[in-house]
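Here's the structure we're looking at; comments come further down.
Derivation of every value follows stated rules applied to the coordinates shown; laboratory data play no part. Note that the structure is a prediction, hence the values are computed from the model and not measured. As a convention, Cβ positions derive from the backbone with ideal geometry for all residues, glycine included, and neighbour counts pool all protein chains shown.
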Amino acid sequence: MRFKKYSFEKKILIGKKIRQLCKNNNVKFIINDDPVLAKKLNADGCHLGQKDMNIKEAKKIIGNKIIGITCHNSIKLAKEAIKNKANYIAFGAFFSTKTKKANHRSNIKTLNKAKKLTNIPIIAIGGITNKNYKKLLLNNANFLAISGYIWNNKKYKPIEAIESLI
């Protein structure tokens, strides 16, 4: 769940509904950037960007829940996240995206290097569509974070966008 501009109270209201949807569909509920919110919502974990709280502090708040770390396009950041016992590492943006400003571009070479370092899941993010996702999955991405293609798609409604990925 990623809502940058909503109040904490509104995030709680929306988060409770999303948590229930995730539970009903056996899907992990991960909160972006905010371990305190993750704890309050009893989420399955949180995702931390490089400018967010560090993983050790986050673990003190949410305990033994999932914590993923943004590594941009950096193997050095990935090694640090692995050393700090992140549950997954995320790289991107892989492709052009309008969802958020992408200051870093990642590539297949980074995925392949990261896979040699660890067995924890590797997430690919940024500009992923039904035209380019297979390349990432075939090159060591374990999961994909897809936002804009689903929610801002001019051709497909969200359900149709998701179905186009199957």
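Listing for the model above:
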{"read-out": "Lysines whose Cα lies under 20 Å from that of residue 115, excluding same-chain neighbours fewer than 8 positions away", "value": "76, 79, 83, 85, 134, 135"}
{"read-out": "Distance between modelled label sites at residue 16 and residue 3, nm, 7 Å Cα→Cβ extension", "value": "1.2 nm"}
{"read-out": "P(r) histogram, all alpha-carbon pairs of the chain included - 5 Å bins from 0, percent", "value": "1, 9, 17, 19, 21, 18, 11, 3, 0"}
{"read-out": "Unit charges on C-beta of K, R, D, E only; dipole of segment 71-163, Debye", "value": "320 debye"}
{"read-out": "Viscosity 1.002 mPa s, temperature 20 °C, Stokes-Einstein D of segment 71-163 from Kirkwood C-alpha radius, µm²/s", "value": "158 µm²/s"}
